[in-house]
Amino acid sequence: MIEQALTGAIAGALAGLGIDADGSRLRLERPSRADHGDWSSNAAMVYAKAAKMAPRELAERVVAQLELAGLPHLERAEVAGPGFVNLHLAPSWLHEVLISVLREGTEGYACPDIGQSQTVNLEFVSANPTGPLHAGGGRWGAYGDSLARLFRRCGYETVTEYYMNDLGVQVQLFGQSLVARMTGEPVPDDGYHGDYVGEWASELTAELRSGLEAEADVAQLLRKAALEAGHAPIPVGTPIEVQFAAKWGMRRALRDVGESLSAMNVSFDRWQSEAALVDSGAMDEAMGRLRDAGWVYEEEGAVWLRTSEHGDDKDRVLYRSDGEPTYFVPDIAYHDAKFSRGSHVIDVLGADHHGYVPRIAAAMQMLGHPPDSYEAIVGQNVTLMRDGQVIELSKRTGTMVEVRELIDAVGPDVARFAFLLQSIDSRQTIDIDLLSAQASENPVFYVQYAHARIASVARRAESDGVAPVPPAGTDLSTLDGERELALLRALEVLPSVVEIAQRERAPHKVTTWVRDLAGAFHGFYNDCPILLRDVPPEVRDARLCLTEGTRIGLAIGLDLLGVDAPSAM
């Protein structure tokens with residue numbers, strides 16, 4: 001609100017000088033140095049040419065106009081550098097910010113209604129259901145879930161999805177690997193060799209033998225169960241035992257993935273099966289529309305899509321010469337279907353999917369979706385280290401660290417916060433030993449401790465017979481010290497932090513903000529006594545209001561990050 005008021009005042013000052021100012025060209029920034037004021041404007045440099053005067057001369061005239069206007073909260077305006085107008089405000093503007101924070105609370109403060117109920121579909125993680133989620137996948141879970149929280153806070157109706165690739169060769173190999181471990185046969189060279197395969201094979205064996213003699217033949221039990229279940233072999237020719245084991249294994253994998261992500265406070269509105277999508281006829285329907293629109297052609301026995309006409313570097317194969325569809329076909333159908341659940345569709349993808357984006361974007365345009373309605377966020381992968389060595393993440397070779405292991409080692413809040421410390425487009429290195437050893441010193445505890453301290457202040461106030469949240473109308477004018485103003489300024493920027501983090505798809509900006517707010521609060525707590533007997537009641541009540549405002553800010557920030565806000569530590 002203050003930014004809008006100041007921008008309007010500067011536009012009015014220019015108008016008073018006969019300059020028709022376009023408000024969209026006026027920019028206010030927060031100076032990096034406190035002695036440069038609370039806000040700085042470039043207006044004089046933008047309109048100096050139109051005014052036919054030097055930027056500093058115009059800036060001096062703008063300052064004179066502002067001084068005549070008698071703006072609320074404005075203590076003084078001054079010219080700096082080549083023509084910046086620096087604005088110094090009285091603490092009263094920050095007191096009004098605190099009043100807004102207390103009035104609007106966690107549900108209302110820092111909720112910029114950018115989305116205005118627009119719908120967004122957000123898919124993330126979507127790891128193949130052939131094993132547990134590796135620790136690197138935890139980054140996509142933490143990022144995607146926090147991004148969804150940002151969208152919802154900014155007024156978007158958001159649906160989150162996990163796509164299950166439950167068809168294809170990897171499913172067959174997974175089933176073969178389970179059957180091999182169950183029957184004592186060698187696992188295929190290109191199969192899955194992780195320890196979890198043996199553990200899950202033992203689980204399935206135990207299920208099949210339940211209530212039977214221990215020496216019952218596993219192969220016979222497996223075939224009997226498969227025949228009773230009636231699973232059709234996929235691909236054609238796959239033994240029914242393998243298909244049964246694969247289906248069981250995928251359910252087991254998805255259960256493990258869901259439990260691991262849930263432990264990190266990550267959830268999905270929808271789990272979409274590729275097999276169910278194909279069975280629904282969506283794939284045939286989407287291909288029919290592409291054919292009817294003239295985007296499909298045949299060459300060298302294969303069926304192609306003209307993706308190069310919409311920005312891809314070459315056309316892509318839809319059906320091979322043997323008639324089998326490529327993975328691109330169900331992916332097209334799936335993305336087309338997602339538009340029924342969101343007018344803006346977002347994929348969160350790993351770095352190895354960079355070349356995937358143009359072809360999907362092209363296919364969506366061919367199906368009639370606007371060019372800007374599909375968005376892909378391509379992030380960088382995580383490098384995991386243990387015992388000083390880089391861990392190669394591979395389900396098939398078994399060289400992996402499960403996200404469950406990371407959570408067990410350091411806790412869900414530490415793991416999630418660590419994943420959200422950096423921008424998604426920067427490669428992240430996580431040393432598991434170091435993170436485990438320093439768990440108590442992790443930045444998340446510094447932030448959580450600030451929230452717990454506030455709860456402790458409220459409990460002590462109640463025990464002293466003092467209202468932990470003083471009533472509306474409490475005099476806040478005593479909040480004028482350096483520590484108090486620093487805390488108020490940190491609270492003031494939260495709405496813009498939320499807006500920028502959503503617009504730039506950057507939850508790590510919230511992480512940075514909560515750390516700054518926690519640091520400001522710890523400084524305030526150490527230097528500004530609240531409940532000591534020699535603190536005047538009016539100062540005590542104002543500081544209690546500031547403490548409650550800080551609690552609201554921390555609660556908002558930690559919720560956006562999916563991290564617990566504890567009342568005690």
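For the stretch 423-468, the square roots of the Cα gyration tensor eigenvalues, ordered a ≥ b ≥ c, give a/c of at least 1.5 with a/b no greater than b/c, which places it in the oblate category. How much of the accessible area of the chain, in percent, comes from carbon and sulfur atoms when a 1.4 Å probe is used? Ligands and nucleic acids excluded, carbon and sulfur give 49 percent.
Taking a ≥ b ≥ c as the square roots of the Cα gyration tensor eigenvalues, with a/c under 1.5 meaning rounded and otherwise prolate when a/b beats b/c, else oblate, which class fits the stretch 338-492?
On the way: a/c = 3.05, a/b = 1.50, b/c = 2.03.
It comes out oblate by the Cα gyration axes.
Using θ = phi - 60° in the Karplus curve 6.51 cos²θ - 1.76 cosθ + 1.60, the 3J(HN,Hα) couplings for the stretch 106-113 round to 5, 8, x, 6, 6, 10, x, 7 Hz; x is entered for Gly and Pro. Across the options Met53, Ile19, Gly37, the greatest Cα extent toward the positive end of the charge dipole of the stretch 1-59 (unit charges at beta carbon of Lys, Arg, Asp, Glu) belongs to Met53. Computed from Cα atoms, the angle from the helix 282-292 axis to the main principal axis of the chain rounds to 80 degrees.
Identify the GluC sites (Glu not before Pro) of the stretch 126-219 meeting these criteria: DSSP loop state and at most 15 other C-beta atoms within 10 Å of the C-beta. Filter output for the stretch 126-219: Glu213, Glu215. Direction-averaged projected area, Cα convex hull, the stretch 527-569: 3.8 nm², rounded to one decimal. Across the options Leu173, Ala542, Trp248, the greatest Cα extent toward the positive end of the charge dipole of the chain (unit charges at beta carbon of Lys, Arg, Asp, Glu) belongs to Ala542.
When the GluC sites (Glu not before Pro) in the stretch 284-359 are filtered for DSSP coil states and for at most 10 other beta-carbon atoms within 10 Å of their beta-carbon, the remaining sites are Glu300.
In terms of its C-alpha gyration tensor, the stretch 52-91 has an oblate overall shape, because the principal axis ratio a/c (a ≥ b ≥ c, square roots of the eigenvalues) is not below 1.5 and a/b does not outweigh b/c. Among the protein heavy atoms, those of Ser24 account for about 100 Å² of accessible surface (1.4 Å probe, every chain in place).
Each part gets one Cα centre, and for the stretch 301-373 versus the stretch 104-160 those centres are 23 Å apart. Put a plus charge on the Cβ of each Lys and Arg, a minus charge on the Cβ of each Asp and Glu, and nothing anywhere else: the dipole of the chain about its Cα centre is then about 980 debye. Between helix 137-153 and the chain there is an angle of about 50 degrees, using the helix long axis and the longest principal axis of the Cα atoms. Evaluated with a Cβ-only charge set (Lys, Arg +1; Asp, Glu -1), the stretch 129-185 carries a dipole of roughly 280 debye about its Cα centre, given to the nearest 20. For the stretch 17-65, applying the loop criterion from DSSP together with a ceiling of 15 other beta carbons within 10 Å to the trypsin sites (Lys or Arg not before Pro) yields Arg27, Arg33, Lys52. Over the stretch 447-569, accessible surface divided per residue gives 42 Å², non-protein components excluded, 1.4 Å probe.
With θ taken as phi - 60° and the Karplus curve 6.51 cos²θ - 1.76 cosθ + 1.60 applied, the whole-hertz 3J(HN,Hα) list for the stretch 419-426 is 5, 9, 6, 10, 4, 5, 8, 10 Hz, x standing for glycine and proline.
The phi torsions of the stretch 184-200, fed into the Karplus equation with coefficients 6.51, -1.76 and 1.60 and a -60° offset, translate into couplings of x, 8, x, 6, x, 4, 9, x, 9, 10, x, 4, 4, 5, x, 5, 6 Hz, rounded to whole numbers, with Gly and Pro shown as x. Projecting the alpha carbon convex hull of the stretch 180-312 along each direction and taking the average yields 13.4 nm².
The stretch 391-483: D in µm²/s via Stokes-Einstein (Kirkwood Rh, Cα pairs, 20 °C, 1.002 mPa s)? Result for D is 124 µm²/s. Solvent-accessible surface of protein heavy atoms, probed at 1.4 angstrom with all chains present, puts Trp304, Trp140 in the order Trp304, Trp140, largest first. Among the lysines, select those whose C-alpha is under 19 Å from the C-alpha of Lys224, and discard any that sit fewer than 8 residues away in the same chain. Within reach: Lys247.
Measuring how big the stretch 339-379 is from its alpha-carbon positions, Rg and Dmax come out at 10.2, 28 Å.
Taking every Cα-Cα distance in the stretch 498-569 and sorting them into 10 Å bins starting at zero, the pair-distance distribution P(r) comes out as 18, 42, 27, 11, 2 percent. For Leu74, the residues 5 or more places off, or on other chains, whose built amide H falls under 5 Å of its own are Ala90.
When every Cα-Cα distance of the chain is counted in 20 angstrom steps from zero, the calculated P(r) takes the values 17, 40, 30, 12, 1 percent. For the stretch 5-48, the per residue solvent-accessible surface stands at 47 Å², with DNA, RNA and ligands left out and a 1.4 Å probe.
Dipole orientation for the chain: of the candidates Ala127, His88, Gly342, His88 has the Cα lying most toward the positive pole (charges on Cβ; Lys, Arg +1; Asp, Glu -1). Of interest is the spacing of the C-alpha centroids, which for the stretch 33-47 and the stretch 472-488 amounts to 24 Å. Heavy-atom accessible area for Asp195, with the other protein chains in place and a 1.4 Å probe, reaches approximately 120 Å².
The angle between the Cα long axis of helix 494-503 and the longest principal axis of the Cα atoms of the chain comes to about 40 degrees, rounded to the nearest 10. Bridging of Lys49 to aspartates and glutamates at a Cα separation below 12 Å is possible for Glu57, once same-chain residues fewer than 8 apart are set aside. Taking the convex hull of the alpha carbon positions in the stretch 274-375 and averaging its projected area over all directions gives 6.6 nm².
Rounded to the nearest 500, the 222 nm mean residue ellipticity of the chain from helices alone is -16000 deg cm²/dmol, with -39,500 (n - 2.57) taken per DSSP H run of at least 4 residues.
The values are calculated or read from the model by the stated rules, or taken from the named source; none is laboratory data. Since the model is a prediction, treat every value here as computed from it, not as a measurement. With ideal geometry, Cβ positions are generated from the backbone for all residues, glycine too; neighbour counts draw on all protein chains shown. In case anyone asks, the SASA skips ligands and DNA or RNA and just uses the protein heavy atoms, side chains included. Shrake-Rupley method; radii C 1.70, N 1.55, O 1.52, S 1.80 Å.
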